[in-house]
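K.L.:
Below: one structure in structure tokens.
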Amino acid sequence: MKNPLSRWNELPAFFRNKYILVTLAFLIWMLFFDNYNFFVRSEIRGELREVRQKKAYYEAQIEEVKTELNSLFGSEESLEKFAREKYYMKRADEDVFIIVDE
């Protein structure tokens, strides 16, 4: 019968070091078995990147709308122009014709 420790002694000294074994076990645990393993963390990073891009887009849209709002309420003429173009409003003495391209 062969001694089971003889196999242990056949391994290189690098793999017989208990600190290296514990470190390897820890890395394997963190990469594959932990709740926030490598794959979950990379997926979360991707979602975070996507949310940040959406945030930047919506912040740009907000700034654009704010400048449009300031220019719209800045003068009486621009407000009237907006109402005529967007909501087809008219004065009492005029008619509005809407031409639709087909």
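The values are calculated or read from the model by the stated rules, or taken from the named source; none is laboratory data. What you are looking at is a predicted structure, and each value in this text was computed from that prediction instead of being measured. All Cβ positions, even for glycine, are placed from backbone atoms using ideal geometry, and neighbour counts span all protein chains on display.
K.L.:
Exactly one of (1) over 30 Å from residue 6 (Cβ atoms); (2) under 33 Å from the mean Cα position of the chain (by Cα); (3) of a type outside the set (Phe, Trp, Tyr) is unmet by residue 28. Its number?
P.N.:
The one condition residue 28 does not meet is (1).
K.L.:
Report whether or not residue 35 is among the polar types (S, T, N, Q), free of Cβ contacts under 8 Å to residues at least 60 places away in the same chain and in a loop (DSSP other than H, G, I, E, B).
P.N.:
Yes, satisfied.
K.L.:
Give me the pairs: first residue in the range 1-20 and in a helix (DSSP H, G or I), second residue modelled with pLDDT under 70, beta-carbon distance under 9 Å, and six or more apart or on different chains, which are they?
P.N.:
16/8
K.L.:
Moving on. In the range 57-102, what residues are small (Gly, Ala, Ser) and exposed (fewer than 10 other Cβ atoms within 10 Å of the Cβ)?
P.N.:
Within the range 57-102, just 92 meets the criteria.
K.L.:
May I ask you to list the residues in the range 7-47 that are at pLDDT 85 or above, exposed (fewer than 11 other Cβ atoms within 10 Å of the Cβ) and in contact with a helix residue (DSSP H, G or I) (Cβ under 9 Å, 6 or more places away or on another chain)?
P.N.:
Residue satisfying the conditions is 39 alone.
K.L.:
Still on this model: Somewhere in the range 67-77, is a residue over 33 Å from the mean Cα position of the chain (by Cα), not in a loop (DSSP other than H, G, I, E, B) and not β-branched (Val, Ile, Thr)?
P.N.:
Yes, the range 67-77 contains at least one residue that is over 33 Å from the mean Cα position of the chain (by Cα), not in a loop (DSSP other than H, G, I, E, B) and not β-branched (Val, Ile, Thr).
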